[in-house]
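The structure appears below as structure tokens.
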Amino acid sequence: MHLCHLLFAESARYANAHDGNVSPYSLAGVPVLFSALRALLIECNSGMFGKPPGDSEAALQKLDGRNEVEFIRERYGLSREVMEHLALLYEVRNEIVHPAHRPAGTRSNTPAYMEPLRRLGVLQSTGAESAADYTWSAQLQSHRLFRWANEQIAHVAATVIDAHHANAELAQMHKATYFRFNAPDA
């Protein structure tokens, strides 16, 4: 998470120096957020913080063959909206890590299944609905997207941490590391 916070601070500086939103740092930050989430899931489900969920070896084996979203959906009882946002964010991660080098097929240049991001207002956009927008990869270069990604991961991490920490004070400190992005943007 330390790397995520450094990237987020740089993202804020970059965005503020330009148009208030454009930031290439989201392209590095979103995948790193999922790496941090996976590490948290491994730590928590191994019993590192005092309360493994029953058979920690079985939990780790389940995590080994699945993406984080499937594992979290099965184990943590998060709301439908949180899980939809996490799944959408996972697809953003996939779009960054495995880009499709072809036109999106929509007027906005946003892949149709990623349109919820446009409705959330988190993409880098010209704002012109009647004309073509930036390329899809350019739309992902958004500080608002990076902030939204941090929010989603932080809320999921808080649930995971609460489920596994035996010490409430340490749990609060651990959760605080995920919410550090909430400091005012630089």
**Prompt:** Within the range 24-57, how many residues are part of a helix (DSSP H, G or I) and charged (D, E, K, R)?
**Reply:** 3
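To keep it simple, each residue is scored yes or no on (1) modelled with pLDDT of 95 or more; (2) surrounded by fewer than 16 Cβ atoms within 10 Å (Cβ to Cβ); (3) more than 16 Å from the chain's Cα centre (by Cα).
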{"residue": "S35", "(1), (2), (3)": "yes, yes, no"}
{"residue": "L40", "(1), (2), (3)": "yes, no, no"}
{"residue": "C44", "(1), (2), (3)": "no, no, yes"}
{"residue": "M48", "(1), (2), (3)": "no, yes, yes"}
{"residue": "P52", "(1), (2), (3)": "no, no, yes"}
{"residue": "E57", "(1), (2), (3)": "no, yes, yes"}
{"residue": "D64", "(1), (2), (3)": "no, yes, yes"}
{"residue": "N67", "(1), (2), (3)": "no, yes, no"}
**Prompt:** Could you say which residue among L78, L60 is closer than 18 Å to V160 by Cβ and in a loop (DSSP other than H, G, I, E, B)?
**Reply:** L78
**Message:** Filter the range 13-23 down to the residues that are assigned to a helix (DSSP H, G or I), out of contact with any His (no Cβ under 6 Å at 6 or more places or on another chain) and in contact (Cβ under 8 Å) with a residue 12 or more places away in the chain and list them by number.
**Reply:** R13, Y14, N16
**Request:** Report yes if some residue within the range 140-148 is more than 30 Å from S56 (Cα to Cα), of a type in the set (S, T, Y), surrounded by 16 or more Cβ atoms within 10 Å (Cβ to Cβ) and within 14 Å of the chain's Cα centre (by Cα); otherwise report no.
**Result:** yes
**Complete:** When every residue in the range 8-33 that is surrounded by fewer than 22 Cβ atoms within 10 Å (Cβ to Cβ) and of a type in the set (A, V, I, L, M, F, W, C) is compared, the one nearest to the chain's Cα centre (by Cα) is V32
**Complete:** Heads up, the helices (runs of 4 or more DSSP H) in the range 129-186 (entirely inside) with at least 1 residues that are among the basic types (K, R) and over 22 Å from R75 (Cβ atoms) are 143-164
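The values are calculated or read from the model by the stated rules, or taken from the named source; none is laboratory data. A quick note: this is a predicted structure, and the numbers were derived from the prediction, not measured. Glycine gets a Cβ as well: all are built from the backbone with ideal geometry, and neighbour counts include every protein chain shown.
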